[in-house]
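As structure tokens, the structure follows; a few thoughts come after it.
The values are calculated or read from the model by the stated rules, or taken from the named source; none is laboratory data. Given the structure is predicted, the values throughout are model-derived calculations rather than measurements. For neighbour counting, all protein chains shown are included, and Cβ atoms are generated from backbone atoms with ideal geometry for every residue, glycine included. The accessibility values were calculated without ligands, DNA or RNA, using every heavy atom of the protein model including side chains. Shrake-Rupley method; radii C 1.70, N 1.55, O 1.52, S 1.80 Å.
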Amino acid sequence: MHSKTVSSTGINEPSLEQVIASLEHFDGKYKRAEVDLALAQREQIIPRLIRILEDVLAEPAAYAARKDYSGHIYAIMLLGHFGEKRAHRLITQLAALPDDLPHSLFGDIITEDLAVILLRTSGGSFTDIEELAQNTSADEYCRGAAAKAIAYSVADGVLTRQDAL
């Protein structure tokens, strides 16, 4: 049984396990309270979010088939928000999955958010992003997001224009 923790305000809050379980279950509603708790428990939740993405990478087709699952969506968005370098290679591997798996797993995140997630998690290292951009067997939109991440890095002053070219 999962226990609740008492916050500094004296209000019972869900445990980390309950937050993760709620984020994993898709019910059609944005989980604002759970996201707020995840943000407040950044260091404790990061390993759990990374584990979610590792599980998805191990069995991507099984997770793509689960329409009631949203853990990987929250995980990639939160890890991107945190700028978590430990998740970067995992995210590029997920984006390089064959066929339509990246779209089945992440939908519009690929065209809307992936470039920024790649840039924020890169830690200034663009090797994995470059590999994704040059991977001709990867999805073209994922490759485009990788190229966009490199362009954004120039705009942010992280890379020189010459290095990006």
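Just want to confirm a number: the relative contact order over the chain, from Cα pairs under 8 angstrom separated by 6+ residues, in percent.
It rounds to 17 percent for the chain.
With n ≥ 4 as the cut-off for DSSP H runs, can you work out [θ] at 222 nm for the chain, using -39500 (n - 2.57) per run divided by the number of residues, rounded to the nearest 500?
-18000 deg cm²/dmol
Let me spell out the model: positive unit charges on the Cβ of Lys and Arg, negative unit charges on the Cβ of Asp and Glu, origin at the Cα centre of the range 70-155. What dipole size does that give, in debye rounded to 20?
Computed charge dipole of the range 70-155: roughly 380 debye.
Consider a paramagnetic label point 7 Å from the Cα of residue 61 along Cα→Cβ; state which residues of the range 83-97 have an amide N under 15 Å from it.
The answer is 97.
Ignoring ligands, DNA and RNA, what accessible area per residue does the chain give at 1.4 Å, in Å²?
55
Students often forget the sequence filter, so: which aspartates and glutamates lie under 20 Å Cα-Cα from residue 29 once same-chain residues fewer than 8 apart are removed?
Candidates past the 8-residue exclusion: 13, 17, 68, 108, 112, 113.
Measure off, as a whole percent, the carbon and sulfur share of the 1.4 Å-probe accessible area of the chain, all protein chains present.
Heavy-atom surface of the chain belonging to carbon and sulfur, 1.4 Å probe: 50 percent.
Can you bin the range 48-125 into rounded, prolate or oblate? Criterion: square roots of the alpha carbon gyration tensor eigenvalues sorted a ≥ b ≥ c, rounded for a/c under 1.5, prolate for a/b above b/c, oblate for the rest.
In terms of gyration-tensor shape, prolate.
Under a cut-off of 14 Å between alpha-carbon atoms, report the aspartates and glutamates in cross-link reach of residue 67, not counting same-chain residues fewer than 8 places apart.
24, 27
Exposed loop sites here are trypsin sites (Lys or Arg not before Pro) in DSSP loop states with at most 11 other C-beta atoms within 10 Å. What is the longest stretch of the chain lacking them?
68-165
Stretch residue 130-residue 86 to full length: gain in nm at 0.36 nm per residue minus the Cα-Cα span?
14.1 nm
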